[in-house]
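Read through the structure below, which is laid out as structure tokens, and then see the notes.
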Amino acid sequence: MTMAMRFSPITLTPPSSLSKSSFYAKQIPISLPKPIHVAVSSSVTIMMSKKVEEIKEIRGKTNEEINEEVVDLKGELFMLRLQKAARNEFKQSEFRRMRKRVARLLTIKRERELEEGINKRLSRKLDREWRKSIVPRPPPSLVKLKEEEAAAEAKESA
């Protein structure tokens, strides 16, 4: 039940303008669709992406607020890693969201340093000093969890 297939041999001759390569392909003309022009009225509201809104919000913060948020987010990431190690339920997408948020915060902080004329070496030195000055504190999610537990205990005892 085998069917005999016929192949017609294709002979390609290399154009003289091309290099002497072992492969010469046949060019196929491609026709692209014509662009459609749509008139947009002035009453249409264009929504910004969440990332653009988030960056605008970050740019409105001071460097101290940015540093505080970085510390909080890194504490949250630590709590997520603990939950993962303990095999508790958690949202896997939170890892990426928090890491990207930290990266955006640090990027904007570095942009400000560049505007002030702080070079890379001094920036690293200031960053090391800042890290040494951080006072360890529980992340906001842990504080909230403890408050909820305390409220539940108070409700039970009452």
Exercise. Of 90, 78, which residue is surrounded by 11 or more Cβ atoms within 10 Å (Cβ to Cβ) and part of a loop (DSSP other than H, G, I, E, B)?
Worked result: 90
For this session: Select from region 114-158 the residues that are among the β-branched types (Val, Ile, Thr) and modelled with pLDDT of 85 or more and list them in ascending order.
Result: 118
Problem set entry | Leading residue by the ranking (nearest to the chain's Cα centre (by Cα)) among those in region 99-122 that are in a helix (DSSP H, G or I) and farther than 30 Å from residue 81 by Cβ | 114
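The values are calculated or read from the model by the stated rules, or taken from the named source; none is laboratory data. In this text the structure is predicted, and so the values were computed from the model without any measurement. Note that we place each Cβ from the backbone using ideal geometry, even for glycine, and neighbour counts take in every protein chain shown.
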